[in-house]
Amino acid sequence: MDIKQGLTKKTLAKKDKENTEQKIKKSLKYSTLDASFWASMAGFGESFFSAFAVFLKASNFQLGLLGSLPQALGSVFQLFSEKLLKFFNSRKKFVATFVLLQALMYIPVALVFFFGKLDVYFLILFLCLYYLFGMSIGPAWSSWMGDLVSEEIRGTYFGRRNTIAGYISFITLLIGGYILESFAGDAKTQYIGFAIIFTLALLSRVVSFMFLCAKYEPKYVHYEDDKGGFIDFLKNARSRNYGMFIIFLCLMNFSIFIAAPFFAGYMLYDLKLSYTEYTILIAAAVIAKNLSLPVWGKMVDRYGTRKILTLAGYLMPAISLWWLFSGNFYYLIFVQVYGGFVWAGFEIAAFNFFFDTIIPQKRARYIAYSNVLNGIALFIGAMIGGLVVKYNHFLGSQYMMVFLLSGVFRYTVSFIFIPKLREVRTVEHISYPKLFLNILTDTTIRGWVYDLIAARKKKKP
């Protein structure tokens with residue numbers, strides 16, 4: 001009898017394991033679909049927030065606020081993410097609820113056109129709520145996905161997932177630009193174009209919400225042993241690998257956002273680009289990012305996050321400086337292609353570094369702390385950039401000085417902090433020149449063709 005019971009328990013345990021594996025497999029597909037519709041929302045909506053502000057006649061100070069304050073407040077609010085997670089007692093419920101609230105914010109965002117002289121400030125207010133709802137879920141979502149995606153396939157999976165999402169973002173971005181150009185004319189006619197793309201963004205996020213609800217959530221165990229709070233985290237940061245990484249990211253975000261909120265103003269105010277040209281420049285970066293993401297992801301799995309972060313971290317600062325040399329449209333396409341390629345590597349390496357260096361039980365809390373610090377850093381950077389733009393009298397365009405300062409600060413941060421970071425996994429060794437050459441030659445198209453052939457072979461009996 002005991003033997004039969006033992007066999008029964010083993011059989012049940014095996015079935016439970018198989019069921020869990022099937023749920024995880026389906027959930028990863030749902031996660032890719034969720035990301036695709038999130039990308040559709042970003043393509044129709046977030047890509048045109050700055051253009052909408054310019055349409056509303058926003059000043060450079062308002063552009064700086066719009067490009068930094070919403071994300072800063074969204075980051076700071078993540079200090080309360082852990083309490084909200086305890087309240088919902090489920091990462092899935094927490095994430096899904098706030099995603100739906102974020103989707104609904106497109107309604108007041110679209111209606112600010114009717115708010116009179118304070119329309120830009122109301123836009124900033126509603127975008128603060130939009131990013132608050134969207135960014136608050138970051139730690140819980142990261143913890144949830146960390147339980148679903150194994151370490152061995154993390155770089156490959158997220159590289160492929162982000163690539164698919166990137167193509168969707170690219171397509172919807174082009175469609176959004178086409179819609180805006182189609183409604184070019186007087187203010188009321190142009191507004192109809194913005195209203196249409198923001199409606200499409202809202203619907204996309206609702207579909208994303210539906211796929212989130214379909215995903216499986218492994219049991220979440222709250223970690224109570226670590227009594228240290230935010231202040232203790234700050235005190236210990238310099239002595240920890242992930243702490244040095246977070247300091248590096250904060251200072252890099254500060255450097256980036258000295259210039260980041262003002263590229264749209266430069267393109268639309270100074271260069272007087274059409275909506276079509278503006279969209280093409282954004283799309284050039286998106287498509288370059290999508291083409292290179294799977295390759296960067298594979299390299300992260302094979303050669304480690306630090307190797308990729310180092311390579312991208314030394315290539316990325318040049319992006320801002322290249323905007324100094326010419327306003328020629330075709331030259332800027334090249335700059336955007338380079339930027340998209342490099343940002344793909346930097347972002348996926350930074351994202352995976354968190355998973356590699358922070359244990360699952362502390363991941364949600366520490367990612368929240370990191371995002372808080374990054375939010376504050378980018379806000380300070382944008383405010384300093386706004387002052388520089390306002391009082392710049394040294395270079396031709398008022399925007400040139402922030403591009404220069406941003407590039408110099410980025411290089412400084414990379415040279416100081418990247419050598420302090422350590423790889424925590426056992427990975428293959430490769431020289432940086434060879435790694436860079438491999439990434440350039442191993443194109444995404446080649447990778448996709450290989451993946452399709454491999455997938456077909458697996459299906460054959």
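The values are calculated or read from the model by the stated rules, or taken from the named source; none is laboratory data. Since this is a predicted model, take the numbers as computed values, not measurements. Neighbour counts are summed over all protein chains in view; Cβ atoms, including those assigned to glycine, are modelled from backbone coordinates with ideal geometry.
Of the conditions (1) modelled with pLDDT under 80; (2) crowded, with 18+ Cβ neighbours inside 10 Å, residue 33 clears all except one; give me its number.
(1)
In the stretch 229-258, what residues are crowded, with 22+ Cβ neighbours inside 10 Å and in contact with a Gly (Cβ under 6 Å, 6 or more places away or on another chain)?
254, 257, 258
Just checking, does the stretch 277-286 include any residue being aromatic (Phe, Trp, Tyr) and touching a Ser or Thr at 6+ places or on another chain (Cβ under 8 Å)? Talk me through it step by step, then tell me what you get.
Within the stretch 277-286, the first condition is being aromatic (Phe, Trp, Tyr), and the residues that meet it are 278.
Still in the running and touching a Ser or Thr at 6+ places or on another chain (Cβ under 8 Å): none.
Within the stretch 277-286, not a single residue is aromatic (Phe, Trp, Tyr) and touching a Ser or Thr at 6+ places or on another chain (Cβ under 8 Å).
Is there a residue being in contact (Cβ under 8 Å) with a residue 60 or more places away in the chain and under 20 Å from residue 202 (Cα atoms) anywhere in the stretch 77-91?
No: zero hits.
Would you please list the contacts, defined by Cβ atoms under 9 Å and residues six or more apart or on different chains, that run from a residue in the stretch 310-335 that is closer than 22 Å to residue 278 by Cβ to a residue that is surrounded by fewer than 17 Cβ atoms within 10 Å (Cβ to Cβ) and charged (D, E, K, R)?
Close Cβ pairs satisfying both conditions: 327/270.
Can you tell me which of (1) touching a residue at least 40 places away in the same chain (Cβ under 8 Å); (2) farther than 18 Å from residue 206 by Cβ is the one residue 107 doesn't meet?
(2)
Quick check, is residue 292 farther than 15 Å from residue 173 by Cβ, of a type in the set (Gly, Ala, Ser) and under 19 Å from the mean Cα position of the chain (by Cα)? Explain how you work it out, then say what you get.
Working: farther than 15 Å from residue 173 by Cβ: yes; of a type in the set (Gly, Ala, Ser): yes; under 19 Å from the mean Cα position of the chain (by Cα): yes.
So residue 292 passes the test.
Name, by its number, the condition in (1) closer than 30 Å to residue 171 by Cβ; (2) touching a residue at least 60 places away in the same chain (Cβ under 8 Å); (3) not basic (Lys, Arg) that does not hold for residue 277.
Just one mismatch for residue 277, condition (2).
Which fully enclosed helices (runs of 4 or more DSSP H) of the stretch 341-443 have 2 or more residues being closer than 14 Å to residue 313 by Cβ and of a type in the set (Gly, Ala, Ser)?
Because the criterion is at least 2 residues that are closer than 14 Å to residue 313 by Cβ and of a type in the set (Gly, Ala, Ser), the helices (runs of 4 or more DSSP H) in the stretch 341-443 that meet it are 400-417.
Considering only the stretch 314-333, I want to know if a residue exists there that is touching a helix residue (DSSP H, G or I) at 6+ places or on another chain (Cβ under 7 Å), among the hydrophobic types (A, V, I, L, M, F, W, C), more than 22 Å from residue 409 (Cα to Cα) and crowded, with 24+ Cβ neighbours inside 10 Å.
no
Of (1) in contact with a Leu (Cβ under 7 Å, 6 or more places away or on another chain); (2) surrounded by fewer than 22 Cβ atoms within 10 Å (Cβ to Cβ), residue 298 satisfies all except one. Which?
(1)
If you go through the stretch 381-391 one residue at a time, do you hit one that is over 15 Å from residue 257 (Cα atoms) and either free of Cβ contacts under 8 Å to residues at least 24 places away in the same chain or in contact with a Leu (Cβ under 8 Å, 6 or more places away or on another chain) (or both)?
Narrowing the stretch 381-391 to residues over 15 Å from residue 257 (Cα atoms): 390-391.
So of that shortlist, the ones also either free of Cβ contacts under 8 Å to residues at least 24 places away in the same chain or in contact with a Leu (Cβ under 8 Å, 6 or more places away or on another chain) (or both) come out as 391.
Scanning the stretch 381-391 turns up at least one residue that is over 15 Å from residue 257 (Cα atoms) and either free of Cβ contacts under 8 Å to residues at least 24 places away in the same chain or in contact with a Leu (Cβ under 8 Å, 6 or more places away or on another chain) (or both).
Among the residues of the stretch 400-426, count how many are crowded, with 16+ Cβ neighbours inside 10 Å and of a type outside the set (Asp, Glu). Let's see the steps before the verdict.
Restricting attention to the stretch 400-426, the residues satisfying the condition of being crowded, with 16+ Cβ neighbours inside 10 Å are 400-407, 409-411, 413-414, 417-418, 421, 423.
Checking the rest, the ones that are also of a type outside the set (Asp, Glu) come to 400-407, 409-411, 413-414, 417-418, 421.
Number satisfying all stated conditions: 16.
Please find, within the stretch 145-191, the residue that is modelled with the highest pLDDT out of those that are under 24 Å from the mean Cα position of the chain (by Cα) and among the charged types (D, E, K, R).
161
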